[in-house]
1. Considering only C-alpha atoms, what is the centroid distance from the range 221-296 to the range 29-43, in Å?
2. When the helix-only estimate is applied to the chain (DSSP H runs of n ≥ 4, each -39,500 (n - 2.57), divided by the residue count), what is the mean residue ellipticity at 222 nm, nearest 500 deg cm²/dmol?
3. Rounded to a whole number, what is D in µm²/s for the range 63-195 from Stokes-Einstein with the Kirkwood radius over alpha-carbon pairs (20 °C, 1.002 mPa s)?
4. To two decimal places, what compactness ratio does the chain give when its Cα radius of gyration is scaled by 2.2 N^0.38 Å?
5. Which residue, 222, 95, 246, has the most motion in a Gaussian network model of the chain that connects Cα atoms within less than 10 Å?
6. Once the convex hull of the C-alpha atoms of the range 62-112 is built, how many Å³ does it hold per residue, rounded to a whole number?
7. Relative to the longest principal Cα axis of the chain, at what angle does helix 291-303 sit, 0 to 90 degrees, rounded to 10?
8. Pick from 88, 299, 142: which is most flexible by mean-square fluctuation in a GNM of the chain where alpha carbon atoms under 10 Å apart are linked?
Ligand code: DON
């Protein structure tokens, strides 16, 4: 492992230069807002577990957090209901199916399998304590902000775009309800889940969120403990198994770091105890993972000799 400042700086610069002109992939089109984001945007950065930042490209551009939000809601639900209850209610296995799979829910008795796919993520939201959807939403927004070390906000534009097209997720929410694995009103859980995907982050924010995981639950920028250290291994394990959906196994073989992607084009990888690598580029592969950002993050990891295996 070469983790001195010069090596990290060089790894980020080289990965950016090597992948800046990569082609392939398409912006997500099933959410109209995402289809309209400039596909040429590209940023890569690293934040160390002690808060040093290295960055190249469009690392200050705000994009939709999307599925990466699932990691932080998972963290908060575990914090509130405890690891064992959380695992028993939401599951902890790879689905082997796309992120919005109905089949994986149906195959498991209308129960979720993983908190990092849509079904488990909505069940996760429903487990967060609160009398109303607003209570749960405020808790999620606060936890995203605590991981990022700055106030994260909802994009009304992204949210409206998602809420007006999220019929598939509503069907999954009702399916879970019929199986007794929704712990609040299912349409409220789907609404709050959709909002948690519609917040805006930069690649820098993503790196800070990852650095907080790398730093075992303490945000290195604010010094605040966000979640207990005992829950971080479960987050990392889940990211390894399901973070890049049907490409999670390939990612584990080739990169060897827990990761998480979102259809907004963001991707995050964490080297526990050391650092986080974040990338952003909107065009996605068929599994829903950013093409360019995947390549760049993988290259940074390889050139620094990072792998948990
Ligand atoms: O539920 C959805 O379809 C989106 N709001 C988020 C999906 C997502 O980011 C999947 N990730 N690659």
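Where a number appears in this text, it was derived from the coordinates with a stated rule and is not lab data. Values in this document were obtained by computation on a predicted structure and should not be read as measured data.
1. Measuring centre to centre over Cα atoms gives 20 Å.
2. Only helices count here, giving -14000 deg cm²/dmol.
3. Reported coefficient: 147 µm²/s.
4. Dividing the Cα Rg of the chain by 2.2 N^0.38 Å gives 0.90.
5. 222
6. 89 Å³
7. The two axes meet at around 60 degrees.
8. Ranking 88, 299, 142 by mean-square fluctuation puts 88 first.
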